[in-house]
Amino acid sequence: MQTRIIDGNAIARELRAGLIRRVAALAAMGVRPGLAVLQVGNHPASKIYVRNKMKACGEVGLYSEHIELPADADEWTLLERIRTLNRDSRIHGILVQLPLPTGLSAERVLDALAPAKDVDGFHPINMGLLAAGSPRFVPCTPLGVMKLIEHEEIGVQGRHAVVVGRSNIVGKPMALLLLQKGATVTICNSRTPDLGAMTSQADILVVAAGRPRLVTAGMVKPGAVVIDVGINRLADGKLAGDVDFQSMLGTASRITPVPGGVGPMTIAMLLENTVMSAERASASGGSS
Ligand code: NAD
């Protein structure tokens, strides 16, 4: 079987072109979508992620603010910054870069975000709306995966989707989105006794475990669609996904590479959620 490699970079580029048109339409009404990224401490990976997000904002014409607080910042200071951003009419999306340094409660920090500006979709109200089937903001990575699936015209209804990982950021919202599209969904986690017995039932397999090359060709059904969310830095400095990419060629019908698969879609969806938030604010007369 010929395995088709899904080009996340190309699809994200297409989506960004659509966003540039929407940003221009907002500009004609005097609105510029704005994103604030709050970073606490100097986590090296976070620095790279934040830099990429700010660059992507600039490329589609968004206003962006990078707010850096020292690693020893107290929670009150961080919450005050969030409250100020909640009131700032130039800002339509607020993102708190995770993980936070120890001592700061991610739960309390996310709770403080105005749900209407929570472009990551991690606020409990937005998580609840997603679970109820009427989402306001969908977390960027699973939303990006759904856009890839849509773009590739992969049928979801009636298929068996298996999601490896149950985090609030990826696995859980991913499973909910697939469920809402009519898939039969199995969710696996680190305690699943025989992972291969589960993954080999999948028509659509989404892997978000954070374990390099966890899933190999022997664990998938021939013809399955394999979406690899994992990004792992190996000892030699190279990046690897959670799926053994080389072994899948000839077995999977389609697969996303790492890098160049889900990663670029995540950033595109952050821009999409910010533009959508600005459109909503402008439709409701400026208050978001
Ligand atoms: P996490 O550590 O919060 O969750 C991992 C999940 O995988 C857990 O639910 C755990 O139970 C499960 N798991 C771990 N080992 C397993 C095993 N052997 N068998 C079955 N399940 C197992 O991680 P996360 O934030 O959900 O991220 C997962 C991966 O996705 C990481 O590699 C992360 O870097 C990557 N990621 C990529 C993007 C992107 O834009 N492409 C975005 C977010 C996360």
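Every number in this text was worked out from the coordinates using simple rules, so none of it is lab data. Given the structure is predicted, the values throughout are model-derived calculations rather than measurements. In this analysis, Cβ positions are derived from the backbone assuming ideal geometry, glycine residues included, and neighbour counts consider all displayed protein chains.
Assorted remarks:
- Cross-link reach list, aspartates and glutamates versus LYS238, counting only Cα pairs under 20 Å and skipping chain neighbours closer than eight places: ASP7, ASP228
- Couplings 3J(HN,Hα) for region 18-23, derived from phi with the Karplus relation 6.51 cos²θ - 1.76 cosθ + 1.60 (θ = phi - 60°), are x, 5, 4, 5, 5, 5 Hz, where x marks Gly and Pro.
- Choice from GLY30, GLY18, GLY223 showing the highest fluctuation, given a GNM over the chain with Cα pairs closer than 10 Å: GLY30
- Amide H to amide H distances under 5 Å link THR186 with ALA161, VAL162, VAL163, where only residues 5 or more positions off or on other chains count and H is placed in the peptide plane.
- Greater than 28 Å apart at Cα, pairs in LYS172/LYS221; LYS53/LYS117; LYS117/LYS181; LYS47/LYS221: LYS47/LYS221
- Over the residues of the chain, the helix contribution to mean residue ellipticity at 222 nm works out to -13000 deg cm²/dmol, using -39500 (n - 2.57) for each DSSP H run of at least 4.
- Annotation: amide H-H contacts under 5 Å for VAL40 (H modelled 1.01 Å from N, sequence separation of 5 or more, or interchain): LEU69, GLN97.
- Surrounding net charge for GLY230, when Lys and Arg each add one and Asp and Glu each subtract one, Cβ distance under 10 Å: 0
- Positive contributions from Lys and Arg (+1) and negative ones from Asp and Glu (-1), summed over other residues with Cβ under 14 Å from the Cβ of ASP88, come out at +4.
- With respect to the chain, whose longest principal axis is taken over its alpha-carbon atoms, helix 75-87 is tilted by about 80°.
- Packing-based order for 132-145, 44-57, using average beta carbon neighbours within 10 Å, highest first: 132-145, 44-57
- Sorted on the mean count of surrounding Cβ atoms within 10 Å across their residues, most packed first, peptides 20-26, 70-76, 172-178 read 172-178, 20-26, 70-76.
- From phi via Karplus (6.51, -1.76, 1.60), per-residue ³J(HN,Hα) for region 269-283 in Hz, x at Gly/Pro: 6, 5, 5, 4, 5, 5, 5, 4, 5, 5, 5, 5, 4, 6, 5
- Around ALA73: net Lys/Arg minus Asp/Glu count, Cβ-Cβ under 15 Å: -2
- Only Cα pairs under 8 Å and 6+ residues apart enter the sum, and on that basis the relative contact order of the chain stands at 22 percent.
- Cα centroid of region 19-80 to Cα centroid of region 229-262, whole Å: 28 Å
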